[in-house]
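**Student:** Pasting in a structure now, in structure tokens, and then I'll have a few things to ask.
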Number of protein chains: 2
Amino acid sequence: MKTLGEMGEHEAIRRLVGGLGSHPDLSVGAGDDCAVAHSPCSDFDQVFTSDPVIEHVHFLPTHAPGRIGNKAVGRVLSDMAAMGAHPQWILVNVVAPPELEMAFLEGIYAGMSALCGRFGGTIIGGDLAQGKQLELHLFGTGILPAGTALLRSGACAGDLIFVSGPLGCSIEGHHLDFVPRVEEGLFLRESSGVGAVMDISDGLTTDLRHILAQSGVGAELDVGRIPKNGTLEQALYDGEDYELLFTVRPDCAEALIEHWAERFGTPPACVGRITPQPDKLSLSFPDGRVSTLFDKAFEHFSGGRV
Amino acid sequence: MKTLGEMGEHEAIRRLVGGLGSHPDLSVGAGDDCAVAHSPCSDFDQVFTSDPVIEHVHFLPTHAPGRIGNKAVGRVLSDMAAMGAHPQWILVNVVAPPELEMAFLEGIYAGMSALCGRFGGTIIGGDLAQGKQLELHLFGTGILPAGTALLRSGACAGDLIFVSGPLGCSIEGHHLDFVPRVEEGLFLRESSGVGAVMDISDGLTTDLRHILAQSGVGAELDVGRIPKNGTLEQALYDGEDYELLFTVRPDCAEALIEHWAERFGTPPACVGRITPQPDKLSLSFPDGRVSTLFDKAFEHFSGGRV
């Protein structure tokens with residue numbers, strides 16, 4: 001009899017998801033940024049995601065409510081960005097202790113609405129219940145042309161690996177104030193040669209390992225080219241960057257970088273390439289040294305984050 | 001500066017929802033059992049709902065995990081039943097302390113999957129995070145022909161009021177073991193003369209008041225005809241019955257009762273009628289006495305439930 005703490009988040013999820021059913025309209029189940037289902041009688045697929053934002057895990061009681069709201073909606077929109085989907089509907093379950101100031105909760109909603117308004121998502125419902133700590137549970141749907149969702153399983157050996165912006169030190173404020181890469185995700189869906197896409201929530205190496213596992217490939221990261229907000233270790237392991245991590249066929253990379261820069265200003269950074277050996281993740285240093293990377297994944301139940 | 005406890009759940013929700021945006025595809029926003037949106041490029045509407053199930057509020061740690069799972073999915077499917085929708089996709093956010101036994105969580109998932117399987121819902125994703133108490137946050141979508149959703153706003157003066165089964169004493173076990181009235185909801189959507197529909201989660205009088213408010217009508221309950229599991233007070237005020245509460249045009253009632261009984265065995269009980277005076281709720285007793293009802297709504301933040 002194992003407890004959740006002994007088992008760890010990822011193994012627990014694997015076991016719970018293993019027992020779930022399937023459905024002919026469901027093209028992607030649990031395990032990507034969003035699940036993907038075909039909308040009946042239409043040319044669209046719909047994506048579904050849910051994210052908790054919990055006091056003392058994802059924010060502190062001293063943080064401004066508008067920033068907490070931004071993070072709550074931002075996490076959901078970032079998952080949709082990683083699929084290349086247009087944000088659609090959002091529901092919010094709030095759990096709160098009775099002594100919480102109503103004005104604080106209204107500040108959270110103002111932050112959520114502001115970010116929704118910017119990217120076309122609409123909050124349409126939810127629930128409010130009593131609990132020991134403040135929590136927000138956001139559920140979101142997005143929409144995109146049928147069969148075009150950007151998946152974690154799309155990387156091929158030889159693909160170049162990109163990140164949409166600098167990594168690390170998110171704890172200094174970025175994790176509350178980030179702007180989800182919704183427009184960049186839509187751009188990637190419409191670009192040629194894009195392989196795997198996901199958002200970086202648990203850290204570059206942890207999240208890259210998801211792409212490797214689901215695509216059946218390996219990767220070599222070119223350490224000198226990773227855009228950093230702090231040290232290399234922070235860029236490799238810190239979570240909550242909410243940048244996009246994606247792979248592009250080498251023959252399409254130049255055009256993609258150019259169009260990206262025209263559209264968004266700063267070009268994405270090429271930080272490595274996909275290699276054939278499954279699950280092997282190497283670091284290549286500027287002095288020519290190459291070392292295989294120690295796996296230091298962030299897991300809930302084995303350490304807090306904020 | 002008011003706290004949530006001072007304001008109460010319903011007023012807090014009204015204030016939070018008042019600040020939300022609108023959308024041309026959204027036909028029903030917050031305030032019904034589900035939100036309703038038109039599926040782009042199709043003949044279908046989609047309904048959306050979310051429900052928390054929280055330790056010490058909706059269940060106790062001593063309850064069997066399969067029953068907790070049944071309740072969690074049942075609440076979502078009951079909301080869909082109240083719209084007349086076919087269950088579609090479900091996501092589950094779990095919050096749990098690290099010392100929770102994995103086998104307990106697997107038992108909850110087994111209970112959720114069993115009820116989903118019975119009514120065609122599919123669990124497609126979610127999240128697992130650490131917190132002080134065990135919570136499940138379920139998010140569900142359902143589908144139905146465009147423009148046919150059963151709303152709380154559909155009651156007209158003269159309509160007869162029905163409940164789908166006996167009320168009260170849900171705390172003795174029904175609140176964990178109930179079967180959501182999905183098939184009855186689909187039946188009502190396809191029947192003639194059906195006005196307002198909702199599920200009874202907060203108690204007959206509290207929930208009937210939602211129909212009155214949204215339909216701009218009043219009601220007289222015929223006390224002697226309310227099917228009860230305990231006392232009259234329990235039938236009027238206990239929550240978590242998850243029966244359907246609905247109104248039917250008098251000229252359609254006889255046929256509906258007959259077809260319902262053919263299909264489901266026991267006929268629904270006629271418990272009163274809709275009256276013209278907005279928000280007035282009266283009780284009519286077998287001895288001819290009529291009294292206007294004291295409003296004793298269940299509110300989170302002003303008392304626990306389990």
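The values are calculated or read from the model by the stated rules, or taken from the named source; none is laboratory data. Nothing here was measured: the structure is a model prediction, and the numbers come from that model. Positions of Cβ are generated from backbone atoms using ideal geometry, with glycine treated the same way; all protein chains shown enter the neighbour counts.
**Student:** Of all residues in the stretch B:76-119, count the ones that are in contact (Cβ under 8 Å) with a residue 40 or more places away in the chain, of a type outside the set (Phe, Trp, Tyr), more than 18 Å from A:His137 (Cβ to Cβ) and touching a strand residue (DSSP E or B) at 6+ places or on another chain (Cβ under 7 Å).
**Tutor:** Counting residues in the stretch B:76-119 that are in contact (Cβ under 8 Å) with a residue 40 or more places away in the chain, of a type outside the set (Phe, Trp, Tyr), more than 18 Å from A:His137 (Cβ to Cβ) and touching a strand residue (DSSP E or B) at 6+ places or on another chain (Cβ under 7 Å) gives 13.
**Student:** Scan the stretch B:6-15 and give yes if some residue there is hydrophobic (A, V, I, L, M, F, W, C) and surrounded by fewer than 18 Cβ atoms within 10 Å (Cβ to Cβ), otherwise no.
**Tutor:** As a first pass, look at the stretch B:6-15 and keep what is hydrophobic (A, V, I, L, M, F, W, C): B:7, B:12-13.
Still in the running and surrounded by fewer than 18 Cβ atoms within 10 Å (Cβ to Cβ): none.
Scanning the stretch B:6-15, I find no residue that is hydrophobic (A, V, I, L, M, F, W, C) and surrounded by fewer than 18 Cβ atoms within 10 Å (Cβ to Cβ), so the answer is no.
**Student:** Out of the residues in the stretch B:136-147 that are among the hydrophobic types (A, V, I, L, M, F, W, C) and in a strand (DSSP E or B), state the one that is nearest to the other protein chains (Cβ to nearest Cβ). Reasoning before the result, please.
**Tutor:** At the first step, the residues of the stretch B:136-147 found to be among the hydrophobic types (A, V, I, L, M, F, W, C) are B:136, B:138-139, B:143-144, B:146.
With in a strand (DSSP E or B) added as a condition, the list becomes B:136, B:138-139, B:143-144.
Working: B:Leu136: 10, B:Leu138: 9, B:Phe139: 4, B:Ile143: 7, B:Leu144: 11 Å.
Among those that are among the hydrophobic types (A, V, I, L, M, F, W, C) and in a strand (DSSP E or B), it is B:Phe139.
**Student:** Only residues that are facing another protein chain (nearest Cβ under 7 Å) and either part of a strand (DSSP E or B) or acidic (Asp, Glu) (or both): list them for the stretch A:32-48, please. Steps first, answer last, please.
**Tutor:** Filtering the stretch A:32-48 for residues facing another protein chain (nearest Cβ under 7 Å) gives A:35, A:37, A:39-44, A:48.
If the condition is that a residue be facing another protein chain (nearest Cβ under 7 Å) and either part of a strand (DSSP E or B) or acidic (Asp, Glu) (or both), then A:Ala35, A:Ala37, A:Asp43, A:Phe44, A:Phe48 are the ones that fit.
**Student:** Based on what the data block shows, is B:Leu115 modelled with pLDDT of 95 or more and not aromatic (Phe, Trp, Tyr)?
**Tutor:** Numbers: modelled with pLDDT of 95 or more: yes; not aromatic (Phe, Trp, Tyr): yes.
So B:Leu115 fits the description; yes.
**Student:** Let me ask something additional. Every residue in the stretch A:54-88 that is surrounded by 24 or more Cβ atoms within 10 Å (Cβ to Cβ) and either acidic (Asp, Glu) or not assigned by TED's automatic domain parsing to the domain that holds A:Ile124 (or both), please.
**Tutor:** Selection gives A:Asp79 alone.
**Student:** Right, next: Would you confirm whether or not the stretch A:163-172 contains a residue that is within 12 Å of chain B (Cβ to nearest Cβ) and at pLDDT below 95? Let's see the steps before the verdict.
**Tutor:** Step one: list which residues in the stretch A:163-172 are within 12 Å of chain B (Cβ to nearest Cβ), which gives none.
No, the stretch A:163-172 contains no residue that is within 12 Å of chain B (Cβ to nearest Cβ) and at pLDDT below 95.
**Student:** Just to be sure I understand, how many residues within the stretch A:132-143 are crowded, with 24+ Cβ neighbours inside 10 Å and either modelled with pLDDT of 95 or more or out of contact with any Pro (no Cβ under 6 Å at 6 or more places or on another chain) (or both)?
**Tutor:** Qualifying residue count for the region: 7.
**Student:** Can I ask one more? May I ask you to list the residues in the stretch A:262-280 that are surrounded by 14 or more Cβ atoms within 10 Å (Cβ to Cβ), more than 20 Å from A:Asp207 (Cα to Cα) and touching a residue at least 12 places away in the same chain (Cβ under 8 Å)?
**Tutor:** The one that is surrounded by 14 or more Cβ atoms within 10 Å (Cβ to Cβ), more than 20 Å from A:Asp207 (Cα to Cα) and touching a residue at least 12 places away in the same chain (Cβ under 8 Å): A:Phe264.
**Student:** Across the stretch A:32-43, which residue is farthest from the chain's Cα centre (by Cα) among those that are farther than 21 Å from B:Met112 by Cα and crowded, with 18+ Cβ neighbours inside 10 Å? Spell out how you get there, then give the answer.
**Tutor:** Step one: filter the stretch A:32-43 for residues farther than 21 Å from B:Met112 by Cα, giving A:32-33, A:38-43.
Retained after the next criterion (residues that are crowded, with 18+ Cβ neighbours inside 10 Å): A:32-33, A:39.
Values: A:Asp32: 9, A:Asp33: 6, A:Ser39: 23 Å.
Top of the filtered list is A:Ser39.
**Student:** Which ones in the stretch B:20-30 are surrounded by fewer than 18 Cβ atoms within 10 Å (Cβ to Cβ) and more than 8 Å from chain A (Cβ to nearest Cβ)?
**Tutor:** Listed by number, the residues that qualify are B:Pro24, B:Asp25, B:Ser27.
**Student:** Identify, from the list B:Gly195, B:Gly168, B:Gly224, the residue that is in contact with a strand residue (DSSP E or B) (Cβ under 6 Å, 6 or more places away or on another chain) and either under 15 Å from B:Cys270 (Cβ atoms) or aliphatic (A, V, I, L, M) (or both). Break it down into steps so the answer makes sense when it comes.
**Tutor:** Working: B:Gly168 fails: either under 15 Å from B:Cys270 (Cβ atoms) or aliphatic (A, V, I, L, M) (or both); B:Gly224 fails: in contact with a strand residue (DSSP E or B) (Cβ under 6 Å, 6 or more places away or on another chain).
Among B:Gly195, B:Gly168, B:Gly224, only B:Gly195 is in contact with a strand residue (DSSP E or B) (Cβ under 6 Å, 6 or more places away or on another chain) and either under 15 Å from B:Cys270 (Cβ atoms) or aliphatic (A, V, I, L, M) (or both).
**Student:** Another question about this same structure. Suppose we filter B:Leu221, B:Leu293 for residues that are of a type outside the set (Val, Ile, Thr), crowded, with 16+ Cβ neighbours inside 10 Å and at pLDDT below 95; which single one remains?
**Tutor:** Values: B:Leu221 fails: at pLDDT below 95.
Result of the check over B:Leu221, B:Leu293: B:Leu293.
**Student:** Just one of (1) outside any loop (DSSP other than H, G, I, E, B); (2) more than 9 Å from chain A (Cβ to nearest Cβ); (3) of a type in the set (Val, Ile, Thr) trips up B:Val17, so point out which.
**Tutor:** Here B:Val17 meets the rest and fails (2).
**Student:** Is there a residue being within 30 Å of B:Arg189 (Cα to Cα), at the interface with another protein chain (Cβ under 7 Å from one of its Cβ atoms), in contact (Cβ under 8 Å) with a residue 60 or more places away in the chain and touching a helix residue (DSSP H, G or I) at 6+ places or on another chain (Cβ under 7 Å) anywhere in the stretch B:50-70? Step through it out loud before you land on a result.
**Tutor:** So the first thing to find is which residues in the stretch B:50-70 are within 30 Å of B:Arg189 (Cα to Cα), and the list is B:50-53, B:58, B:67-70.
Narrowing further to those that are at the interface with another protein chain (Cβ under 7 Å from one of its Cβ atoms): B:50-52.
Checking which are in contact (Cβ under 8 Å) with a residue 60 or more places away in the chain leaves us with B:50-52.
Next, only the ones that are touching a helix residue (DSSP H, G or I) at 6+ places or on another chain (Cβ under 7 Å) stay: B:51.
There is at least one residue in the stretch B:50-70 that is within 30 Å of B:Arg189 (Cα to Cα), at the interface with another protein chain (Cβ under 7 Å from one of its Cβ atoms), in contact (Cβ under 8 Å) with a residue 60 or more places away in the chain and touching a helix residue (DSSP H, G or I) at 6+ places or on another chain (Cβ under 7 Å).
**Student:** Something else: How about the stretch B:1-14: which of its residues are charged (D, E, K, R) and more than 7 Å from chain A (Cβ to nearest Cβ)?
**Tutor:** Residues of the stretch B:1-14 that are charged (D, E, K, R), as a first pass: B:2, B:6, B:9, B:11, B:14.
B:Glu6, B:Glu11, B:Arg14, listed by residue number.
**Student:** Something else: Could you identify the single residue in A:Leu283, A:Leu221, A:Leu232, A:Leu236 that is within 27 Å of B:Asp127 (Cα to Cα) and either free of Cβ contacts under 8 Å to residues at least 60 places away in the same chain or not hydroxyl-bearing (Ser, Thr, Tyr) (or both)?
**Tutor:** Numbers: A:Leu283 fails: within 27 Å of B:Asp127 (Cα to Cα); A:Leu221 fails: within 27 Å of B:Asp127 (Cα to Cα); A:Leu232 fails: within 27 Å of B:Asp127 (Cα to Cα).
A:Leu236 is the lone residue from the list that is within 27 Å of B:Asp127 (Cα to Cα) and either free of Cβ contacts under 8 Å to residues at least 60 places away in the same chain or not hydroxyl-bearing (Ser, Thr, Tyr) (or both).
**Student:** Can you name the residue in the stretch A:20-31 that is outside any strand (DSSP E or B) and within 23 Å of A:Gly140 (Cβ to Cβ) and, of all such residues, is nearest to the chain's Cα centre (by Cα)? Don't jump to the end; show me each part of the working.
**Tutor:** From the stretch A:20-31, those outside any strand (DSSP E or B) are A:20-25, A:29, A:31; that's our starting set.
Still in the list and also within 23 Å of A:Gly140 (Cβ to Cβ): A:20-23, A:25, A:29, A:31.
Numbers: A:Leu20: 23, A:Gly21: 25, A:Ser22: 24, A:His23: 25, A:Asp25: 24, A:Gly29: 16, A:Gly31: 12 Å.
Ranking the qualifying residues of the stretch A:20-31, first place goes to A:Gly31.
**Student:** Kindly evaluate A:Leu186 against the criterion of being within 16 Å of A:Ala85 (Cα to Cα), surrounded by fewer than 23 Cβ atoms within 10 Å (Cβ to Cβ) and under 17 Å from the mean Cα position of the chain (by Cα). Show your work before the answer.
**Tutor:** Numbers: within 16 Å of A:Ala85 (Cα to Cα): yes; surrounded by fewer than 23 Cβ atoms within 10 Å (Cβ to Cβ): yes; under 17 Å from the mean Cα position of the chain (by Cα): yes.
The answer is yes for A:Leu186.
**Student:** Turning to a different aspect of this structure: Checking B:Gly193 against (1) in the same structural domain as B:Ser42 (by TED's automatic domain parsing); (2) in contact (Cβ under 8 Å) with a residue 24 or more places away in the chain; (3) not polar (S, T, N, Q), which test does it fail?
**Tutor:** Going through the list (1) in the same structural domain as B:Ser42 (by TED's automatic domain parsing); (2) in contact (Cβ under 8 Å) with a residue 24 or more places away in the chain; (3) not polar (S, T, N, Q), B:Gly193 breaks only (1).
**Student:** Tell me, which residue of the stretch B:81-135 that is outside any helix (DSSP H, G or I) and of a type in the set (Asp, Glu) is nearest to A:Val36 (Cα to Cα)? Before you say what the answer is, go through the steps one by one.
**Tutor:** Of the residues in the stretch B:81-135, the ones outside any helix (DSSP H, G or I) are B:82-101, B:120-135.
Filter once more, keeping what is of a type in the set (Asp, Glu): B:99, B:101, B:127, B:135.
Numbers: B:Glu99: 33, B:Glu101: 30, B:Asp127: 16, B:Glu135: 25 Å.
This residue is B:Asp127.
**Student:** Which residues, counting only those in the stretch A:247-261, are surrounded by fewer than 17 Cβ atoms within 10 Å (Cβ to Cβ) and outside any helix (DSSP H, G or I)? Give the derivation first.
**Tutor:** Start the filter on the stretch A:247-261 by keeping residues that are surrounded by fewer than 17 Cβ atoms within 10 Å (Cβ to Cβ), which leaves A:249-252, A:254-255, A:258-259, A:261.
Once the filter is applied, which keeps residues that are surrounded by fewer than 17 Cβ atoms within 10 Å (Cβ to Cβ) and outside any helix (DSSP H, G or I), the stretch A:247-261 yields only A:Arg249.
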